[in-house]
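Handing you this structure, nothing more for now.
The values are calculated or read from the model by the stated rules, or taken from the named source; none is laboratory data. Note that the coordinates shown come from a computational prediction; the quantities given were computed from them, not determined experimentally. Counting neighbours? That spans all protein chains shown, and the Cβs are built from the backbone with ideal geometry, glycine included. Note: accessible area is taken over every heavy atom of the protein model, side chains too, but ligands, DNA and RNA are not part of it. Shrake-Rupley method; radii C 1.70, N 1.55, O 1.52, S 1.80 Å.
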Amino acid sequence: MSICIWLSGLSGAGKTTLANLLSKKFNSKGFKTCVLDGDILRNGLNKDLCFTDKDRHENNRRVSEIAKLLVDQDILVFVALISPFESDRVLAKNLFNRNCFVEVFLDAPIDVCISRDVKGLYAQQKLGLVENMTGITSVYEPPSNPDIYLRTDRMNEPQCIEVISTYLEKLLLLQFN
């Protein structure tokens, strides 16, 4: 058995960074891992989708199905996806067996996310080049009951990795007993 770890939050909250670090850590412990990064998927598999609410729902549905296929193959999956709607995250969770889905909410104030704007999305939005920017002109519904809640503006990467790793290691031990 394996697990899907769904990292959700605004652009710049740290999803991709933490997913890649976690994947590397668990891979070094002998787990088969995969990172499903929203930006990479939108440049390939989901490049036919825009950023309307309808397309965001479809993007999340597709990523959920891929994550489920990978977990069923005993791959530890780290999803790094804004996933702005609570309903989509609930649908994703419902695809998985009990204790096989971990929702991690990476919370950071919008000004912090803007200051971390490595992709230049917030700057492009300010210039009118990006429409439907989550957290600015498009809604982000924070998870109502995430398994793990992290304020990434108050915790550094090693601290976040430690919290998530400890949680995952306990959950993985439960699965093998």
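Roughly speaking, to the nearest percent, how much of the chain's 1.4 Å accessible area is carbon and sulfur? All intermediate terms of the calculation are to be shown ahead of the outcome.
Values: 5070 of 9220 Å².
After summing per-atom areas, the C and S share lands at 55 percent.
Next question, about the same structure. What does the helix-only formula give at 222 nm for the chain: each DSSP H stretch with n ≥ 4 adding -39500 (n - 2.57), the total divided by the residues, and the result rounded to the nearest 500 deg cm²/dmol? Intermediate results must be reported in sequence, preceding the final value.
Working: 7 runs with 80 residues, N = 177.
Result for the chain: -14000 deg cm²/dmol, rounded to the nearest 500.
Averaged per residue, what accessible surface does the chain expose to a 1.4 Å probe, in Å²? Walk me through the numbers on the way to the answer.
Details: 9220 Å² over 177 residues.
That works out to 52 Å² per residue.
Looking at the stretch 100-177, which GluC sites (Glu not before Pro) are in a loop (DSSP not H, G, I, E or B) and have at most 13 other Cβ atoms within 10 Å?
Working: sites: Glu103, Glu131, Glu162, Glu169; in loops: Glu131.
Answer by residue number: Glu131.
Which order do Met155, Met133 take by accessible area at a 1.4 Å probe, largest first? Before the final figure, lay out the partial values.
Numbers: Met155 50, Met133 15 Å².
The most accessible residue leads, giving Met155, Met133.
Whose amide H sits under 5 Å from the amide H of Ser138, counting only residues 5 or more places off or on another chain, with H placed in the peptide plane?
Under 5 Å from the amide H of Ser138 lie the amide H atoms of Met133, each far enough along the sequence or on another chain.
Follow-up. For volume of the Cα convex hull per residue in Å³, the choices are [x] 109; [y] 156; [z] 131; which was calculated from the structure?
[x]
Toward the positive end of the charge dipole of the stretch 90-134, about the Cα centre and with charges on Cβ (Lys, Arg +1; Asp, Glu -1), which of Ser115, Asn132, Val102 goes farthest?
Going by the charge dipole, the pick is Val102.
Along the charge dipole of the stretch 1-77, pointing to its positive end and built from +1/-1 on Cβ of Lys, Arg, Asp and Glu, which listed residue (Ser64, Ala19, Gly38) has its Cα farthest out?
Ala19
For the pair Asp74/Lys119, report the inter-label distance in nm, with labels modelled 7 Å from Cα in the Cβ direction.
The answer from the label model is 3.4 nm.
In whole Hz and in residue order, list the ³J(HN,Hα) couplings for the stretch 36-52 that follow from phi through the Karplus curve 6.51 cos²θ - 1.76 cosθ + 1.60, θ = phi - 60°; x for Gly and Pro.
Ordered by residue, 3J(HN,Hα) equals 9, 9, x, 5, 5, 5, 6, 7, x, 3, 10, 5, 7, 9, 9, 10, 6 Hz.
Skipping prolines and chain starts, which residues have an amide H placed within reach, meaning under 5 Å, of the one on Ile5, given they are 5 or more residues away or on another chain?
Val77, Phe78, Val79, Val102
Give me the percent relative contact order of the stretch 29-177, please, defined on Cα pairs under 8 angstrom at least 6 residues apart.
On the way: 123 pairs, mean separation 35.3, N = 149.
Reported as a whole number, the value is 24 percent.
Modelled label-to-label distance, Val139 and Val90, 7 Å Cα→beta-carbon offset: nm?
Label-label distance for Val139 and Val90, simple model: 1.3 nm.
On a straight-distance basis, which lysines could pair with Lys119 in a cross-link, Cα separation under 22 angstrom, same-chain partners fewer than 8 positions away excluded?
Qualifying lysines at Cα under 22 Å: Lys15, Lys47.
Would you mind calculating the relative contact order of the stretch 59-103 from Cα pairs under 8 angstrom and at least 6 residues apart, reporting the percent as a whole number? Don't jump to the answer; show the numbers that get you there.
Numbers: 20 pairs, mean separation 21.3, N = 45.
Computed value for the stretch 59-103: 47 percent relative contact order.
Taking the 0 to 90 degree range and rounding to the nearest ten, how far is the long axis of helix 53-71 tilted relative to the main principal axis of the chain, both from C-alpha atoms?
20
What trypsin sites (Lys or Arg not before Pro) does the stretch 66-175 have in DSSP loop regions with at most 13 other beta carbons within 10 Å? Let's see the in-between values first.
On the way: sites: Lys68, Arg89, Lys93, Arg98, Arg116, Lys119, Lys126, Arg151, Arg154, Lys170; in loops: Arg98, Arg116, Lys119, Arg154.
Qualifying residues, ordered by number: Arg98, Lys119, Arg154.
What nm value, rounded to one decimal, do you get for the distance between Lys54 and Lys170 when each label is placed 7 Å out toward the C-beta?
4.4
Express in nm, to one decimal, how much length is gained between Asp39 and Asn156 on full extension, taking 0.36 nm for each residue of separation and deducting their alpha carbon distance.
Numbers: separation 117, 0.36 × 117 = 42.12 nm, distance 2.28 nm.
Full extension of this stretch gives 39.8 nm more.
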